[in-house]
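Undergrad: My questions all concern the structure below.
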Amino acid sequence: MTPIRVAIADDSALIREGVARLLADAGFEVCGQAATFGELIELVHHQHPDLVVTDIRMPPGQRDEGIIATRQIRQETGDRTAVLVLSQYLEPEFALRLLEDGGQGLGYLLKDRIVDGAEFVDAARRVALGGSIVDTGIVTRLLGRHRRADPIYQLSEREREVLRLMAEGRSNQGIADRLFLSEKTVEGYVGAIFGKLALEPAADDHRRVLAVVAYLQAR
C-alpha cells in the first residue's frame, strides 16, 4: 500500500519533529517540514503531499496563516491535498472558516490531541482519506452557547452525542461502535439530525459537514 505523503508546518521545531515522528512511525511518508507560511506554500508546490498538517498561527503574522494557506493549497490542487489544521486554543470561528467552503479532506484539532499519539494518527489518516474532523472540544463549548431559537436546541442528548462523533469524522458504524448501538439505530439518529437542522437531501458526506457547520454557527 502506497504510504500517505505528509508535509508538516509549525514554527516550533519541537512540534514539527514530534508530529513527524508520530506519523512516520505509523507508516506515513514525511516529505518535508516548514516553519513559515511561505515555506509551506513552496513545500507543497515542490512535494505535492497527500496531506498537510499545519498550525493556524505561523510567521510572518502569527494570526491565521494556516487557514489562508489551507484555502490557497486547496484552490491550487483542486482539493486533492487534504489539510489538518492544529490550534493551541479553542477558536470556533477558525474552524467555521475552514469548513464553510466544503469539508472533505479537512480537519481542525487542538494541539493537545498530539499527546494521544494513536488518536492523532487516526485523525490524520481519516482526513487524508477524505474525511472531515472538528475537535469535539469546540463542539462541546458551543453546546452551551446556542439560543432556544437555534435548530441545534431541538436535538436530543443522544442526537448531540451522535453529532459530536460525526464532527470527529466517524462513520455510522464507527459511531455505533463507540455508543454500543446498532448501525441501523445510528442511521435513524443521523436522519433525525438532518431533519431537525433542515438539511436538504444531498450526498451524505456533504450533509454531515453541513451538520457540523451548523453546530459551529450556534451562538
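Undergrad: Here is a list: 124, 167, 128. Which entry is open to solvent by less than 70 Å² (accessible area, probe 1.4 Å), at pLDDT below 85 and among the small types (Gly, Ala, Ser)?
TA: The unique qualifying residue is 167.
Undergrad: Output the residue which, of all residues in segment 87-96 that are in contact (Cβ under 8 Å) with a residue 24 or more places away in the chain and part of a helix (DSSP H, G or I), is surrounded by the most Cβ atoms within 10 Å (Cβ to Cβ).
TA: The selected residue is 95.
Undergrad: So is residue 104 polar (S, T, N, Q), open to solvent by 10 Å² or more (accessible area, probe 1.4 Å) and outside any loop (DSSP other than H, G, I, E, B) or not?
TA: no
Undergrad: Now, a different point. Quick check on segment 98-114. Is at least one of its residues of a type in the set (Val, Ile, Thr) and under 22 Å from residue 68 (Cβ atoms)?
TA: No, because not a single residue in segment 98-114 is of a type in the set (Val, Ile, Thr) and under 22 Å from residue 68 (Cβ atoms).
Undergrad: Return a yes/no flag: does segment 6-14 have any residue that is surrounded by fewer than 19 Cβ atoms within 10 Å (Cβ to Cβ) and under 20 Å from residue 121 (Cβ atoms).
TA: Yes, segment 6-14 contains a residue that is surrounded by fewer than 19 Cβ atoms within 10 Å (Cβ to Cβ) and under 20 Å from residue 121 (Cβ atoms).
Undergrad: Does residue 186 count as in a helix (DSSP H, G or I), out of contact with any strand residue (DSSP E or B) (no Cβ under 7 Å at 6 or more places or on another chain) and modelled with pLDDT of 85 or more?
TA: yes
Undergrad: Let me ask something else. Taking segment 25-62 only, how many residues are without any contact (Cβ under 8 Å) to a residue 60 or more places away in the chain, assigned to a loop (DSSP other than H, G, I, E, B), within 22 Å of residue 78 (Cβ to Cβ) and open to solvent by 20 Å² or more (accessible area, probe 1.4 Å)?
TA: 1
Undergrad: Follow-up. Quick check on this structure: which one of 73, 68, 114 is modelled with pLDDT of 90 or more, open to solvent by less than 70 Å² (accessible area, probe 1.4 Å) and assigned to a helix (DSSP H, G or I)?
TA: 73
Undergrad: Considering each of 84, 109, 99, 22 in turn, give the residue that is open to solvent by 10 Å² or more (accessible area, probe 1.4 Å), touching a helix residue (DSSP H, G or I) at 6+ places or on another chain (Cβ under 7 Å) and within 16 Å of residue 212 (Cβ to Cβ).
TA: That would be 109, the only listed residue that is open to solvent by 10 Å² or more (accessible area, probe 1.4 Å), touching a helix residue (DSSP H, G or I) at 6+ places or on another chain (Cβ under 7 Å) and within 16 Å of residue 212 (Cβ to Cβ).
Undergrad: Restricting to segment 134-164, name every residue that is at pLDDT 85 or above and in contact with a Gly (Cβ under 9 Å, 6 or more places away or on another chain).
TA: None; the set is empty.
The values are calculated or read from the model by the stated rules, or taken from the named source; none is laboratory data. Quick caveat, the model's predicted, so the values are computed rather than measured. Note that each Cβ is placed from the backbone with ideal geometry, even for glycine, and that neighbours are counted across all protein chains shown. Just so you know, the surface numbers come from the protein's heavy atoms only, side chains and all, with ligands and any DNA or RNA stripped out. Shrake-Rupley method; radii C 1.70, N 1.55, O 1.52, S 1.80 Å.
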